[in-house]
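Inspection log for the structure reproduced underneath, given as structure tokens.
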Amino acid sequence: MIKHFINLEWKQYFRSSYWQKSLGLNILLVFFALYFIVVFLILGFGLLPILKKVFPDQDPFVVANGFIFFWLMIDLLMRFFLQKLPVMSVKPLLTLPIKRSTVVHYVLGKSALSFFNFLPLFAIIPFSIMLIVNDYSTSTALTWMFTMIIVVLIGNFLNFIIEAFSAELEFSFLPLIIFVGTLYGLDAFGIVSMTSLLGDAFLGIANNPIFILIPIAILALCYSFNFKLLKDKLFLDSSLKSKVTEVKAADLSWTKRFGDIAPFMQLDLKLIWRNKRTKSSVWIMLIGLLYGMFFYPQPMYRDMVWLFPFIGIFVTGIFLINFGQFIPAWDSGYYKMLMSQNIKYEQYLRSKFILMVLSVAIIFVLSIPYVYFGWKILVAHFAAAIYNIGVNSHIMLYGGSFNRKKIDLNQRAAFNYQGTGAVQWIIGLPLMILPMIIFAVLNALFGFETGIIVLIFLGIAGIVFHKKLMRMITQRYLDSKYKMIDAFSQDN
């Protein structure tokens, strides 16, 4: 049966629109994977000599075990924010004579093959080889290596348990942050030396192989707990829950002044406010507004004038970035129905453009108090706002035509990467890096005023040619219309 599951997954992956839409993006992801593999290999082979040089009076193996606590904390955080439980289309299988336990075992086994579990091996195995080469006991090195592999798998299944219990919380990451922060605080303030505690534990297992049964038992416990959680939810009607919610009506009559795009704006505003995932874009505006406080009060950053436009683009464009990068995936749940209506696609896109522009203008006004730290900061924010309106808004809309991943608006908001693909990462280059480079070069060669003028000029040029750019972008969406309908109909 597992063989049939693998065959179905293989066909589903390579027949999906996401794979077929751009082979180049998949090649880029493979390149990044190879890059991290090389980095971990270098770390694995080079760690022991580095520790010998940095800590000449200590056993490098003991020192390395002292760092395991920090690695475990970072690994747990990275897994929580980036790794998700692998899924498969199980509903059709539940109507067939297939044991639910078989499906659950397959899903959990598939999670063990995650890149997050393979990547550490490229550091663990070379480090174990270096231990043997440097005259450490072979049994000690191999026992330590297998212990670390088991710990990696424990982290894999522990992450899914944490996600299962925190998924319903509005800020699901808070319990984990508090837990990790508490452990780090205990170690940092010398209350409980977590580094020594864990380091001694791993050394004890390495020197006494019989103790490896303890992490094996913990792994079995985590696996069993995950198995029970998933099996209890694996029913056709498990998602059919009746929810009683209070309907809150908002006065959106002010949108009528925008003419024929008013109905689309009202739909977008309701979508934003009524769903966890989209509502997070509003709260992130507040976080983005305070982003400058991490830099401007610090004396070391006040002379880094080239950094001001970058901060300004992030501050004034935080909603534009968070909301715009998933256009039109926000509507993926009913995109097929939307496209069957007699509507003009340009009106649909213009409503989203107006929302992004309004957000930039509002945040710029709210960020005016940053002038307290210097008039150059206010000018840089103004130039960044114009650039966001004229250039970045159009880049976001154009980039959205490449979106092929469906978004479930009912999922949790915080650190939810569903719908995120290579497009969202690539589009960040022209969005954030390009204006910073342009300004930095012009500022170095001709001065601050020249860099600001060029950014404003680029923004105004985008505003002037807005209608022409919108026609081009609309045509791009129309050309991709049926590909997006097909993609949003799938569970990517």
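The values are calculated or read from the model by the stated rules, or taken from the named source; none is laboratory data. These figures come from a predicted structure and were not determined experimentally. Backbone-built Cβ (ideal geometry, glycine too); neighbour counts: all protein chains shown. In case anyone asks, the SASA skips ligands and DNA or RNA and just uses the protein heavy atoms, side chains included. Shrake-Rupley method; radii C 1.70, N 1.55, O 1.52, S 1.80 Å.
Quick rundown of the values:
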| read-out | value |
| --- | --- |
| Flag for Asp135 being of a type in the set (Asp, Glu), at pLDDT 90 or above and open to solvent by 60 Å² or more (accessible area, probe 1.4 Å) | no |
| Subset of segment 280-305 (residues that are within 13 Å of Phe373 (Cα to Cα) and in contact (Cβ under 8 Å) with a residue 24 or more places away in the chain) | Gly292, Tyr296, Pro297, Arg302, Val305 |
| Unmet requirement for Thr245, which otherwise passes all of (1) modelled with pLDDT under 65; (2) of a type in the set (S, T, N, Q); (3) in the same structural domain as Gly447 (by TED's automatic domain parsing) | (3) |
| Residue match in segment 367-384 (condition: open to solvent by 10 Å² or more (accessible area, probe 1.4 Å), of a type in the set (Gly, Ala, Ser) and either in contact (Cβ under 8 Å) with a residue 40 or more places away in the chain or closer than 16 Å to Asp268 by Cα (or both)) | yes |
| Test: residue in segment 343-364 that is more than 30 Å from the chain's Cα centre (by Cα), in the same structural domain as Phe439 (by TED's automatic domain parsing) and either basic (Lys, Arg) or exposed (fewer than 15 other Cβ atoms within 10 Å of the Cβ) (or both) | yes |
| Count of segment 373-428 residues which are modelled with pLDDT under 90, of a type in the set (Phe, Trp, Tyr) and either in a helix (DSSP H, G or I) or not assigned by TED's automatic domain parsing to the domain that holds Asn275 (or both) | 4 |
| Matching entry among Ile327, Ile311 (being touching a residue at least 12 places away in the same chain (Cβ under 8 Å), under 22 Å from the mean Cα position of the chain (by Cα), over 24 Å from Ile453 (Cα atoms) and assigned by TED's automatic domain parsing to the domain that holds Lys481) | Ile327 |
| Contacts under 7 angstrom Cβ, first residue in segment 460-473 being in contact (Cβ under 8 Å) with a residue 12 or more places away in the chain, partner open to solvent by 30 Å² or more (accessible area, probe 1.4 Å) and of a type in the set (Phe, Trp, Tyr), 6 or more apart | Ile473/Tyr398 |
| Matching helices (runs of 4 or more DSSP H) fully within segment 96-211 where at least 2 residues are in contact (Cβ under 8 Å) with a residue 60 or more places away in the chain | 100-111, 121-133, 138-166, 174-188, 194-207 |
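Here's the yes/no breakdown for (1) within 30 Å of Ala141 (Cβ to Cβ); (2) modelled with pLDDT of 75 or more; (3) crowded, with 18+ Cβ neighbours inside 10 Å; (4) not assigned by TED's automatic domain parsing to the domain that holds Tyr106:
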site: Leu174; (1), (2), (3), (4): no, no, no, no
site: Tyr184; (1), (2), (3), (4): yes, yes, no, no
site: Ala201; (1), (2), (3), (4): yes, yes, no, no
site: Asn208; (1), (2), (3), (4): yes, yes, no, no
site: Leu221; (1), (2), (3), (4): yes, yes, no, no
site: Phe235; (1), (2), (3), (4): no, no, no, no
site: Arg277; (1), (2), (3), (4): no, no, yes, yes
